[in-house]
């Protein structure tokens, strides 16, 4: 089943196709730069996607076929980040969006092409998996703007890049290529731009064929392991326990005995 909904004056789009959801930055004329309204809408769009029936994977990408996103729309900073109070409000909107991706119960795949800078880099590192075209360029230019990166989102960057590469990118503001990003562990796969969508959708399909409750349990457990927070551990244990008597667990055992591919319902 296909469905579609727009947010933030159609600059953020959410859509579904069978078991896969799509979160799309829709400002190609601005290299999909994320404005203040879009930051606020990202959690709402993810919530909408998670409510659309049996969605098992979400692919996050930029519209236009060239750029993932140039990050926060700096052209509006004189208005939305003009003093301490507005800057704090803006950073809270960033942190809330990063958290929404990180805490989304469904696995999120970032499909990256072209530029992936600043806040968009933060969203990509908050995703579970990242695939990119070989023309992709990555940068965290906070030091060139005199800004500090949200503290809670820094954990995603360090987890995705490793401490040394994270320090190098943040301290110098330098850009790295897709190959450098893959070597650092940021990217799962690098491919040609023409093959990017197929590569991302094949990955999404593999995710969707597995038991949704198992994937949710794995995501929650991985998050708990990375955060070290008691509340994350308790949530992971609760989700894991829900698999014990699930219909999908029974289907998995039955399919194993019958030597066939299991058909999971997410229940």
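Just so you know, all these numbers are worked out from the coordinates, no wet-lab data involved. What you see is a predicted model, and the numbers here were worked out from it, not measured in a lab. Don't worry about glycine lacking a Cβ; one is built from the backbone with ideal geometry, like all the others, and counts go over all protein chains shown.
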(message) Restricting to DSSP H runs of at least four residues, report the calculated mean residue ellipticity at 222 nm for the chain, -39500 (n - 2.57) per run over all residues, nearest 500 deg cm²/dmol.
(response) -16000 deg cm²/dmol
(request) Only Cα pairs under 8 Å and at least 6 apart count here; give the relative contact order of the chain as a rounded whole percent. (result) 14
(request) Provide the gained length on full extension for the span residue 145 to residue 263, in nm with one decimal, where the gain is 0.36 nm per separating residue minus the Cα-Cα distance. (result) 37.4 nm
(request) Compute the long axis of helix 247-258 from its Cα atoms, compare it with the longest principal axis of the Cα atoms of the chain, and write down the angle in degrees, 0 to 90, nearest 10. (result) 60
(message) I'd like the distance between the alpha-carbon centres of the stretch 41-92 and the stretch 114-193, rounded to an integer number of Å.
(response) 16
(message) If I fit a long axis through the Cα atoms of helix 230-242 and take the longest principal axis of the Cα atoms of the chain, what angle between them do I get, 0 to 90°, rounded to 10?
(response) 30
(request) In vacuum, with every alpha carbon of the stretch 17-79 counted as one equal point scatterer, what does the Debye formula give for log10 I(q)/I(0) at q = 0.12, 0.20, 0.22 Å⁻¹? Two decimals, please. (result) -0.34, -0.80, -0.90
(message) Whole percent per 5 Å bin, from 0 to the bin with the longest distance: what is P(r) over all C-alpha pairs of the stretch 137-267?
(response) 2, 9, 12, 14, 14, 15, 14, 10, 6, 3, 2, 0, 0
(message) As an exercise, find the ratio Rg/Rh for the chain from alpha-carbon atoms, using the Kirkwood inverse-distance average for Rh.
(response) 0.98
(request) For the chain, find the longest principal axis of its Cα atoms and tell me its angle to the long axis of helix 84-103, 0 to 90°, nearest 10. (result) 20
(request) Provide 90, 249 in ascending order of the number of other Cβ atoms located within 10 Å of each residue's Cβ, fewest first. (result) 249, 90
(message) Taking a cut-off of 14 Å, what percent of all Cα-Cα pairs in the stretch 112-188 are separated by more than that?
(response) 55
(request) Report the Stokes-Einstein translational diffusion coefficient (µm² s⁻¹, integer) for the stretch 31-188, Rh taken as the Kirkwood radius over Cα pairs, at 4 °C with viscosity 1.567 mPa s. (result) 83
(message) Please report the antiparallel percentage of DSSP beta bridges with both residues in the chain, rounded to the nearest 5.
(response) 40
(request) Report the percentage of all Cα-Cα pairs in the stretch 211-258 whose separation exceeds 15 Å, rounded to a whole percent. (result) 47
(request) Find the Rg to Rh ratio for the stretch 179-223, where Rh is the Kirkwood radius over alpha-carbon pairs and Rg uses the same atoms. (result) 1.08
(request) Any chance you could run the full-extension gain for residue 40 through residue 226? It's 0.36 nm times the residue separation minus the Cα-Cα distance, nm to one decimal. (result) 64.4 nm
(message) Given contacts defined as C-alpha pairs under 8 Å and at least six residues apart, what's the relative contact order of the stretch 211-258, whole-number percent?
(response) 38
